[in-house]
Amino acid sequence: MRVIVVGAGKVGKHIAGDLSRAGHDVLVLDVDRRVVDSAKASDETPGVEFRVADACEVSQLEAAGLAGADVVAAVTGDDEDNLVVSLLAKQEFGVPRVVARVNHPKNEWMFNETWGVDVSVSTPHLLTALVEEAVTVGTLVRLLQFEGGKAGLEEVTLAESSPAAGQQVAELRLPRNCTIVAVLRDRSVIVPRGDTKLEVGDEVIVLATADAEDDVRAALIGS
């Protein structure tokens, strides 16, 4: 897979290194020559190509081969730059998947398909969700959102009052636009099937569209 990462800071380098070690072809772009030279001199990201480029300029993205990218990750420390890169990647080069970093939580509402963003990652909101997930029982917690909020990865820890406790997954009659993707029980991960029986205390991970949330809440939490 060809991945182009925009932003050679700590986040960008870490992502690039992980992807390269996983066998992907990774190019990192950054407008700051000093940052690029420093990254090239480091031995933290072997196999990763670094290049000086202003990723907000169409001509420089074209020279970097964006049209051949499978994924673009805009992870600079500037939300405006990440939005511009995402929009150009999607509209000018038709990149299949665009991932963008949200630096300021108040800007998260803009990171959607209108700006070419397929998946946005807001660290503050993600941390909040993980804290809620760790301490909250009987509440639906959104961990990640996709397609500009049209779908999300959600978690609920089943309380004693949950109508799903003691039920098999197939008996829940969840709508077609949502699915239980994992059940965490006693520090083990269960890949659920139709006959998997849910228990009180299970952490149930659900992938659902926004319009299915009420059905998910009713099935796993109740009225």
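Brief remarks follow.
- Failed item in (1) within 19 Å of the chain's Cα centre (by Cα); (2) free of Cβ contacts under 8 Å to residues at least 40 places away in the same chain; (3) farther than 20 Å from PRO96 by Cβ, with VAL48 passing the rest: (1)
- Where GLY17 falls short, out of the listed (1) more than 22 Å from PHE146 (Cβ to Cβ); (2) at pLDDT 95 or above; (3) surrounded by fewer than 21 Cβ atoms within 10 Å (Cβ to Cβ); (4) under 24 Å from the mean Cα position of the chain (by Cα): (2)
- Of all residues in the range 195-205, those being closer than 12 Å to VAL169 by Cα and surrounded by fewer than 22 Cβ atoms within 10 Å (Cβ to Cβ) number 4.
- Each residue in the range 149-162 was checked for being surrounded by fewer than 18 Cβ atoms within 10 Å (Cβ to Cβ), without any contact (Cβ under 8 Å) to a residue 60 or more places away in the chain and touching a helix residue (DSSP H, G or I) at 6+ places or on another chain (Cβ under 7 Å), and 0 pass.
- Of all the criteria given as (1) closer than 16 Å to GLY7 by Cβ; (2) modelled with pLDDT under 90, the one not satisfied by LEU127 is (1).
- Condition met for VAL117 (over 14 Å from the mean Cα position of the chain (by Cα), surrounded by 15 or more Cβ atoms within 10 Å (Cβ to Cβ) and not in a helix (DSSP H, G or I)): no
- So ALA41, is it surrounded by fewer than 21 Cβ atoms within 10 Å (Cβ to Cβ), at pLDDT below 95 and in the same structural domain as GLY116 (by TED's automatic domain parsing): yes
The values are calculated or read from the model by the stated rules, or taken from the named source; none is laboratory data. Every value quoted in this text rests on a predicted model; they were computed, and no experiment measured them. A quick note on method: Cβ atoms are made from the backbone with ideal geometry, for glycine too, and the neighbour counts reach across all protein chains shown.
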